[in-house]
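Everything on this sheet refers to the single structure shown next.
The values are calculated or read from the model by the stated rules, or taken from the named source; none is laboratory data. Predicted, not measured: the structure shown is a model, and the values here were computed from it. In this analysis, Cβ positions are derived from the backbone assuming ideal geometry, glycine residues included, and neighbour counts consider all displayed protein chains. The area values use the complete protein model at the heavy-atom level, side chains included, leaving out ligands, DNA and RNA. Shrake-Rupley method; radii C 1.70, N 1.55, O 1.52, S 1.80 Å.
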Amino acid sequence: MLYREAGQFKATYAEDMAIFPIRQDRIALAVLLGIAFIGVPLLATFRIWPFGTDYLLWAILLPFLILALAAIGTNILVGYCGQISLGSGAFMAIGAYSAYKLATGVHIPLAWLGFAIAIPPLPVLASILLGGFMAAGAGILFGIPSLRIKGLYLAVATLAAQFFFDWAFLRLPWFTNYAPSGSVNAPELDFFGMVVRSPVERYLLCLAVVTVMAVLAKNLVRGNLGRQWMAIRDMDIAAELIGIRPLYAKLTAFAVSSFIIGVAGALWAFVYLGSWEPLAFSIDRSLELLFMVIIGGLGSIMGSFIGAAFILIVPIMLNVIPTKLGLPLSTQTITHLQFIIFGSLICYLLIKEPHGFARLISIGKEKLRLWPFPY
Amino acid sequence: MASIARRLLILATALGGAALSAPAAAQNEQFIPILSYRTGPYAVNGAPYANGVVDYYNLINERDGGINGVKILIEECETGYATDKGVECYERLKSKGPTGAAFINPLSTGITFALTEKTAADKIPIITMGYGRADSKNGAVFAYNFPLLGTYWSAADIAIQHVAKELGGFDKLKGKKISLLYHDSPYGKEPIPMLQVLAQKYGFEFTPIPVTHPGVEQKSQWLAIRQHRPDYVLVWGWGVMNSTAIKEAAAVAYPRDKMIGVWWSGAEPDVTPAGDQASGYKSLMLQHGAGKFPAHADIEKYVYAKGKGSTEPGKIGEVLYNRGITNAMLGVEAIRKAQEKFGKQPLTGEQVRWGLENLILTDARIKELGFEGMLKPVSISCSDHEGARYGRVQQWDGKGWKVISDWYTADESLIEPLVADVSAKYAAEKKIKPRDCAKET
């Protein structure tokens, strides 16, 4: 009843091609953004339930936003271009460590040439973005094998990236500025004199970055480039025959995807963790991102958000609920239960809807449009 | 359809009601969060430790009715030894109870690194007994970190002292080869700078050998050890890595009595899986070893006799269980000390921090608490957040741990410059103005 487009006429091509052609969707999105940008910070500032403590901001919303961004990056490569990647964790690490190096100053002595490359410490924002570009570079490099190998074989090649960078950041002390423990500290988050410290400020920073990136990604996948990626995904030989260059299409997918993942990695390290070790970007992280994309929906920006929320929040909920209900269970029973229920949930969801939450939502939308008179 | 919807509604109301009613707790309670791990590859070591911690808090509640009448309220959160889960647990628990968390005790060096800045901002002390960052001994910079009873730099120094004693003097260390087999994480890397300083001073050759988490795959490392033939191997492992290291040593026939584990690699679960192969293996002791003391008798009487114990009675007195109760005791005594100044009521983290920084446990007090023979006197101050730097060495004889050395005291003249140097770097990086310890009371 409410969700019906009758009477919404489109007079121009621009209106017809809008990201959200249905008015109700636009309103829903505006409300969501309003809550995210104004409602949440207001509630958090005045400490109104459920923002009485920092918990929701620090431990739920902040990691959710950053992982959703990383999931968008993974989705561009895996969902839109069809290149299975197990190296997302490595690209996050490259973003994080490059940003760290750039923010603390780079010094490469080239003794045999008689000079040294010295870059003074860069501002935090520039470091984070450049961290993304470094990740994009590495993504292109490790994307080259995709021109020859496909599917699971490519997954193994990207796995090599994961293990190589895990090794590099763990073993080469230059990356950690020779920190004795191998754990590095993020610099102060100084954005042109404005220092981001409190959870609300951190949240707003991530929210802004994620919103901008998501809009850019959405437009990219709707445009020429995105269509090339999808053509490659659906049938690479046919795509080549209609004039799409696989080299260009695949490598741009790797570059854009790695850039977004790299920025997410830098945010994860600088804004969320504050102090980290390579284990924060291990193979587990890569798999987690892949699961987010699969559960959320391959080839869907919104699916990335839902997938991130599902993988991140459901285990925490399963862990918190028994304690909240006051059930007399030991922590280890609760943890085991959490694994069992979460695993079964994933199985159930994938059997019921192999295309993930995004598909469920689009089915729901179709039904709502016809409701209450389906034919 | 309608009945399902109604059931869902009832469930939702029940859940919502539970969520809303949770904060209604008694007011005269001191909340202490417990970050533990009873699942995953480190559970064999995490569980006995957590049992000790829980049992000691229960003892205080059951025997004394709390700390001067203030009941202890605890909640456990499973971290699985993972840093991100640890941070989530900390955020979940830090503001529970009437005054928030009294202190936090992550039992993971990785989580300690991740929380150091957060705890300072939230004004909650972080107690890292026998682990954590070694530079946080300097309380002037790390106001909220308390690496009580020994850091990894103290441990490294004590280990080398023992090696020197076995060889017959520090001069005999020259030209010897000592390897460090370490868990490749901040935990395992922490002793390296100290060992490098020691290697330079005494002239032995030091080789660090990393083992990737979780440490079940060590074939190549032990192959390297067999080729390199070090005179001693120091083991900085945790969880399954320890027993694997002993088994692999046996496989390449490396003598177990030339292996010295840190105090986190010297408990029963580390040696028993290796069976007879573990005989002769040595490890440092964070002061105490295994065995029962008067405190244990009280725990059996007041906690286990009432059926409130958290483990099997046979496991009381194991090394990590004892470490758990020691750790809980130090926290409780810090709260007691803080109550002298701030009143017998639930205290905030900031107030407990004062208690920790001014905590002095004499021999007489330790005896009173039932820890005589387990601990030496502890004296914490602004400039020394470690409080004590003693250690002994124990050896596994196939059935139990035997203490085989006298007390060692870590050499402060070697550690102090490194602490000053590394903590000054941290202060500069984080723009922390070190406190003037002369002005602290």
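Annotation for B:Ile404 and A:Ile283: the two label points, set 7 Å from Cα along the Cα-Cβ direction, are 3.7 nm apart.
Given region B:238-326, what whole percent of its Cα pairs are spread farther than 22 Å? Result for the distance tail: 35 percent.
Pairs of lysines in region A:53-370 whose Cα atoms sit within less than 28 Å of one another amount to 9, provided the residues are eight or more positions apart or on different chains. With Rh defined as the Kirkwood radius, the inverse of the mean 1/r over Cα pairs, the Rg/Rh of region A:168-249 is 1.23.
Per-residue ellipticity at 222 nm from helix content only, as computed over chain B with -39500 (n - 2.57) for each DSSP H run of at least four residues, stands at -13500 deg cm²/dmol.
Tell me which trypsin sites (Lys or Arg not before Pro) from region B:378-441 have a DSSP coil assignment and no more than 11 other beta carbons within 10 Å of their own. For trypsin sites (Lys or Arg not before Pro) across region B:378-441 that sit outside H, G, I, E and B with at most 11 neighbouring Cβ atoms in 10 Å, the list reads B:Lys399, B:Lys431. Accessible surface for region A:53-370, divided over its residues, is 43 Å² per residue with a 1.4 Å probe.
Remark on A:Ser275: its backbone amide H falls under 5 Å from those of A:Ala186, a criterion applied only to residues 5 or more positions apart or on other chains, H modelled at 1.01 Å from N. The calculated Kirkwood hydrodynamic radius for the protein assembly as shown is 28.6 Å, given to one decimal from all distinct C-alpha pairs. For B:Gln287, the residues 5 or more places off, or on other chains, whose built amide H falls under 5 Å of its own are B:Arg392. Over region B:366-441, what portion of Cα pair distances is larger than 19 Å, expressed as a whole percent? The share of Cα pairs beyond 19 Å in region B:366-441 comes to 59 percent. For chain B, the share of accessible area belonging to carbon and sulfur comes to 54 percent (1.4 Å probe, ligands and nucleic acids excluded).
The chymotrypsin sites (Phe, Trp or Tyr not before Pro) found in region A:10-51 that occupy coil by DSSP, while having at most 13 further C-beta atoms within 10 Å, are A:Phe46.
For the pair A:Leu33 and B:Thr272, a Förster radius of 51 Å applied to the C-beta separation gives a FRET efficiency near 0.30, rounded to the nearest 0.05.
Within the same chain, lysines fewer than 8 places from B:Lys219 are excluded, and of the rest, those with a Cα less than 22 Å from its Cα are B:Lys177, B:Lys189, B:Lys247, B:Lys258, B:Lys282. For chain B, take N as its residue count and report Rg(C-alpha) divided by 2.2 N^0.38 Å. With N residues counted in chain B, Rg over 2.2 N^0.38 Å equals 1.00.
Show log10 I(q)/I(0) for region A:53-370 at q = 0.09, 0.14 Å⁻¹, two decimals, from a solvent-free Debye sum over equal Cα scatterers. The Debye formula, applied to the Cα set alone, gives -0.49, -1.12. Within chain B, the whole DSSP H helices whose Cα atoms reach 24 Å or more along their own axis and whose mean Kyte-Doolittle score is at least -0.5 are B:2-21, B:43-64, B:319-342, B:412-430. Given R0 = 51 Å, the distance between the Cβ atoms of B:Lys315 and A:Ile48 translates into a calculated FRET efficiency of 0.65.
Per residue, the accessible area of chain B comes to 36 Å² when a 1.4 Å probe rolls over the protein heavy atoms. Karplus-derived 3J(HN,Hα) values for region A:145-154, using 6.51 cos²θ - 1.76 cosθ + 1.60 with θ = phi - 60°, are x, 5, 6, 10, 10, 10, x, 5, 5, 5 Hz; glycine and proline are entered as x.
Counting Cβ atoms of other protein chains within 10 Å of each residue's Cβ and taking the mean over peptide A:323-332 gives 5. Taking label points 7 Å from Cα along the Cα-to-Cβ direction, A:Phe163 and A:Ile341 give a separation of 3.7 nm. Beta bridges from DSSP with both residues in chain B: antiparallel share about 30 percent, rounded to the nearest 5.
Once the partner protein chains are put back, region A:46-69 shows a loss of at least 40 square angstrom of accessible area, versus the chain by itself, at A:Tyr55, A:Trp58 (probe 1.4 Å, ligands and nucleic acids excluded). At q = 0.14, 0.24, 0.25, 0.31 Å⁻¹, what log₁₀ I(q)/I(0) does region A:174-217 have when each alpha carbon counts as one equal point scatterer in the Debye sum? Log-scaled intensity ratios, in q order: -0.54, -0.84, -0.86, -1.00. Estimated at 0.36 nm per residue, the fully extended path between A:Tyr178 and A:Tyr13 surpasses their Cα-Cα distance by 53.7 nm.
In straight-distance terms, cross-link reach from B:Lys367 covers every one of the lysines whose alpha-carbon lies under 21 Å from its own, apart from those fewer than eight places away in the same chain; here that gives B:Lys292, B:Lys301, B:Lys337, B:Lys376.
Put simply, region A:23-71 fits an ellipsoid with semi-axes of 21, 17, 6 Å; these come from the alpha carbon gyration tensor as the roots of five times its eigenvalues, largest first.
Placing +1 on the Cβ of every Lys and Arg and -1 on the Cβ of every Asp and Glu, with no other charges, gives chain B a dipole of roughly 340 debye about its Cα centre.
Using a simple spin-label model with pseudo-atoms 7 Å out from Cα toward Cβ, A:Thr333 and B:Asp411 lie 5.3 nm apart.
Within region A:105-153, the percentage of alpha carbon pairs spaced more than 18 angstrom apart rounds to 57%. Using a 1.4 angstrom probe on protein heavy atoms only, the contact between A and B buries about 3200 square angstrom of accessible area, both sides summed. Using a Gaussian network for chain B with springs between C-alpha atoms less than 10 Å apart, which of these wobbles most: B:Arg38, B:Arg92, B:Arg133? Of B:Arg38, B:Arg92, B:Arg133, the most mobile in the Gaussian network model is B:Arg92.
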